[in-house]
Amino acid sequence: MGWQRKVLRVDLTAGTCESEPLNMQWAAQYVGGRGLATRYLVDNVDPAVDPLSPDNALVFATGPLSGTLVSTSGRYCVVTKGPLTGAIACSNSGGKFGAELKYCGYDLLIIQGRSEKPVYLLIEDDEVSLEDASDLWGETVWKTEETIKARHRSEDMKVASIGVAGERGVYYACIVNDLHRAAGRSGVGAVMGSKNLKAVAARGTRGVKVKEPTRFMQVVDEKNRKLFEHGSRRALMRYGTLSMIDVMQKFGGLPTNNFQKVQFEGVDRINPKAVVETNRNGHKNLLTNKACFGCTIACGRIAHIDPNHFSVVNRQEYWHASGGLEYETAFAFGPAVGVDDLDALTFAGYMMNEHGMDPISFGVTLAAAMELYELGLITREQTDGIDLRFGNAEALTVMAEKTGKYEGFGRELALGSKRLCEKYGRPDLAMVVKGQEFAGYDSRALQGMGLGYATGNRGACHLKHDTFDVDMEDVSGKGKAKPCKHSQDDIAAIDSAGICLFTASAWDLDDIAAQVDAACEGSWTAERLHDAGERIWNLERLFNLRAGLTAADDTLPPRLLKEPAPSGTAKGKVCELDVMLPEYYAERGWTANGVPTPDLLRRLKLEDFIIESPA
Amino acid sequence: MKVQLDLAGELEGALDEALEAAYPLETGATLEDLVASLPFASRVALTSVNGELVPPAERAGRTLSDGDEVMLLPPVKGG
Ligand code: SF4
């Protein structure tokens, strides 16, 4: 109940697709989604493996609530060892693909090995096959999805695929489903490309059974009302996540010009007001909002580019509506690179979806390249004649396309900030943790965010902890360790249930546990979910330690630790990681070197993973 | 007395411009009084006075003066 109790295991080297029963003991301990996928990854992959070798595995996972009537239940996640970071990767996506995979009858899809030729995986309930994708190799995400649907005469089919970026190993290539939703971070698309797997196409007709249907309906109805009435839901529906750009601007936490500044002069030209204004050509950027499967929030944005804009002026193929700006895309293509041209930002977003790349990592990598260029360490000859100065909209649009197509200077940007800055002799300019680029929050202003970035198991990430409330009450490192740790555990549980994190603005863990309890075997409480979250966080940490990461990787770039914020609420402050990190390790029950102790691991039923004599 | 409000995000436009520029308060009013008087009080997460953050617990003890600049921001969630 809740779970389909079935795993599909695909060995691309052998060309086999076999189903096996879900390990229900693990389901009881790790819930599903992120947690269960992590448990299976640990069981199938040596953490020391080269992420782009056939020995790495790619696990697609739904949660027990995926595909049910619970709001936002279309989620799935992809767990693997990430090429960008060398750490565990866990990328979560919305759209409709997750629910469809569940309707095929599977909780998890484990992909191993490497196919000799390009293939795509076709799943139609129990009918599973590997299909030739030679003609699709080199195609965009959009063309791939269209072709596969036409080939199987099924508009209802849901497709998750990679573009050229994934095929060519762009370190932050993502997996795109439903044309503009993505398992975005850490390079999961590059892992898929390394396996010669172009796409997974799913068409399912099975439902999802729940434990107590009548109670389930009652609980879902009650929780939906709570969500519906909550002010945060209304705000997300009305403005999307983009409204945070004005908040971060006022607060002084909006990283600008590769984090040299924390406020951006051009913010009024890319904010929620700007996207609904009619420009001098009579064009309005934002068309409507859009919901993922079963979502009653509908934060997604659908936009279109002014046909007169230089990026598309003779390119009618880009005049259609597609995914519009959200906070992170607006940050990464806007302040991060100093660009305030709304249509250029929207075009860059199209490139990310069409070619399959993580917008945050791309934008922050371009920002690093711009700083290197302004310092004279990269020359105009190297950038294919493009003036890579901060603020140049053409540099943004051209480089987004070149990187997606793996052409010219785009091949350098494909390295990600860390490798790029190392190559050009200034590793300090890479705004990353564990090789993954920061999201749009500056950790001198949001100190708990800095701690969450530094300790993130997948590297810098704003979605695996939630310290916003305490961060905006006090611009110091004081009291941030506890909420950081607790929210990391709660979010690990939410990600594992198969629903969207944005429900957490209205629902607490009790609300989610009530729905899991009505759907799934066993008795589920907030406490049990929190404990599962803590188990999952520690297992991810153990994977990373075995992969060779250490406490030295729980750090931030010198810019955030030594260069004070130049303006805003945190003017004059640096991130107080030195204060927060020891408190955090203690809060977690880890040693001073960030290693989970045997006692902790026994309490979490992770005794199989005890590291003897942790220093 | 009057204070100058600065609203952002979903709170922007919640008051008409003239009121936002010069919001009337009784002399001796606190930041808590100000927030409580707003029709969107439950959506105010962050408050600062003249650039200095004031946590919710300290709003009642923060007396406002004529001409103070008060920034009010809504709750933030990742995205
Ligand atoms: S809240 Fe937004 S991201 Fe989450 S499921 Fe709904 S539309 Fe998708």
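The values are calculated or read from the model by the stated rules, or taken from the named source; none is laboratory data. In this text, all values refer to a predicted model and were calculated from it rather than measured experimentally. Positions of Cβ are backbone-derived with ideal geometry, glycine not excepted, and every protein chain shown enters the neighbour counts. The accessibility values were calculated without ligands, DNA or RNA, using every heavy atom of the protein model including side chains. Shrake-Rupley method; radii C 1.70, N 1.55, O 1.52, S 1.80 Å.
Of note, residue A:187 does not satisfy the criterion of being of a type outside the set (A, V, I, L, M), within 14 Å of chain B (Cβ to nearest Cβ), open to solvent by less than 10 Å² (accessible area, probe 1.4 Å) and touching a Phe, Trp or Tyr at 6+ places or on another chain (Cβ under 8 Å). The residues of segment A:223-237 that are under 23 Å from residue A:254 (Cα atoms) and out of contact with any helix residue (DSSP H, G or I) (no Cβ under 7 Å at 6 or more places or on another chain) amount to a single one, A:237. Note on segment A:521-615: enclosed helices (runs of 4 or more DSSP H) holding 1 or more residues that are more than 30 Å from residue A:24 (Cβ to Cβ) and charged (D, E, K, R) are A:558-562, A:577-588. Apart from one condition, residue A:437 fits all of (1) open to solvent by 10 Å² or more (accessible area, probe 1.4 Å); (2) more than 14 Å from every other protein chain (Cβ to nearest Cβ); (3) acidic (Asp, Glu); the exception is (1).
Checked against (1) open to solvent by less than 20 Å² (accessible area, probe 1.4 Å); (2) within 14 Å of the ligand (Cβ to nearest atom); (3) in a helix (DSSP H, G or I), residue A:360 meets all criteria but (2).
Set side by side, the residues A:120, A:103, A:76 differ, and just one is in the same structural domain as residue A:198 (by TED's automatic domain parsing) and within 16 Å of the ligand (Cβ to nearest atom), which is A:76.
Among the residues making up segment A:479-525, those that are within 14 Å of another protein chain (Cβ to nearest Cβ) and away from the ligand (no atom under 16 Å from the Cβ) are A:479, A:480, A:483, A:484, A:487, A:488, A:490, A:508. Counting only helices (runs of 4 or more DSSP H) that fall entirely inside segment A:158-259 and contain at least 2 residues that are without any contact (Cβ under 8 Å) to a residue 40 or more places away in the chain, the qualifying elements are A:213-229, A:231-239, A:244-251. Can we say residue B:22 is over 10 Å from the mean Cα position of the chain (by Cα) and open to solvent by 50 Å² or more (accessible area, probe 1.4 Å)? The answer is no for residue B:22. Mind listing whichever residues of segment A:136-157 are buried (at least 16 other Cβ atoms within 10 Å of the Cβ) and assigned to a helix (DSSP H, G or I)? If the condition is that a residue be buried (at least 16 other Cβ atoms within 10 Å of the Cβ) and assigned to a helix (DSSP H, G or I), then A:141, A:142, A:144, A:145, A:147, A:148, A:149 are the ones that fit. Residue count for segment A:254-298 under the criterion of being β-branched (Val, Ile, Thr) and buried (at least 20 other Cβ atoms within 10 Å of the Cβ): the result is 6. Only residues that are surrounded by 15 or more Cβ atoms within 10 Å (Cβ to Cβ) and in a strand (DSSP E or B) were counted in segment A:1-18, giving 7. Here residue A:224 meets each of (1) away from every other protein chain (no Cβ under 14 Å); (2) away from the ligand (no atom under 16 Å from the Cβ) with one exception, condition (2).
Taking the listed residues A:28, A:87, the one that is open to solvent by 10 Å² or more (accessible area, probe 1.4 Å) and more than 29 Å from residue A:156 (Cβ to Cβ) is A:28, with no other qualifying.
I'm told residue A:476 meets every condition in (1) more than 16 Å from the ligand (Cβ to nearest atom); (2) in contact with a Lys or Arg (Cβ under 8 Å, 6 or more places away or on another chain); (3) more than 14 Å from every other protein chain (Cβ to nearest Cβ); (4) assigned to a loop (DSSP other than H, G, I, E, B) except one. Can you identify the failing condition by its number? For residue A:476, the failing item is (3).
Looking at residue B:70, is it away from chain A (no Cβ under 14 Å), surrounded by 14 or more Cβ atoms within 10 Å (Cβ to Cβ) and part of a strand (DSSP E or B)? No, not satisfied.
Quick grid of which residues meet (1) β-branched (Val, Ile, Thr); (2) more than 9 Å from chain A (Cβ to nearest Cβ); (3) not in a strand (DSSP E or B):
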{"site": "B:3", "(1), (2), (3)": "yes, yes, no"}
{"site": "B:14", "(1), (2), (3)": "no, yes, yes"}
{"site": "B:20", "(1), (2), (3)": "no, yes, yes"}
{"site": "B:36", "(1), (2), (3)": "no, yes, yes"}
{"site": "B:42", "(1), (2), (3)": "no, no, yes"}
{"site": "B:66", "(1), (2), (3)": "no, yes, yes"}
{"site": "B:75", "(1), (2), (3)": "no, no, yes"}
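Residue count for segment A:264-303, restricted to those that are away from chain B (no Cβ under 12 Å), in contact (Cβ under 8 Å) with a residue 40 or more places away in the chain and either within 30 Å of residue A:68 (Cβ to Cβ) or small (Gly, Ala, Ser) (or both): 10. Taking the criterion of being within 17 Å of residue A:242 (Cβ to Cβ), β-branched (Val, Ile, Thr), over 20 Å from the mean Cα position of the chain (by Cα) and away from the ligand (no atom under 14 Å from the Cβ), would at least one residue in segment A:313-320 satisfy it? No; the residues of segment A:313-320 include none that is within 17 Å of residue A:242 (Cβ to Cβ), β-branched (Val, Ile, Thr), over 20 Å from the mean Cα position of the chain (by Cα) and away from the ligand (no atom under 14 Å from the Cβ).
For the criterion of being open to solvent by less than 50 Å² (accessible area, probe 1.4 Å), free of Cβ contacts under 8 Å to residues at least 60 places away in the same chain, more than 15 Å from the ligand (Cβ to nearest atom) and closer than 25 Å to residue A:406 by Cβ, residue A:332 fails. Within segment A:280-316, the set of residues being part of a loop (DSSP other than H, G, I, E, B) and of a type in the set (A, V, I, L, M, F, W, C) comprises A:291, A:292, A:293, A:295, A:297, A:298, A:299, A:305, A:310, A:312, A:313. Screening the candidates A:61, A:133 for the property of being buried (at least 24 other Cβ atoms within 10 Å of the Cβ) and out of contact with any His (no Cβ under 8 Å at 6 or more places or on another chain) yields one hit, A:61. Just so you know, in segment A:266-302 the residues that are among the polar types (S, T, N, Q) and away from the ligand (no atom under 15 Å from the Cβ) include one that is farthest from residue A:242 (Cα to Cα), and it is A:281.
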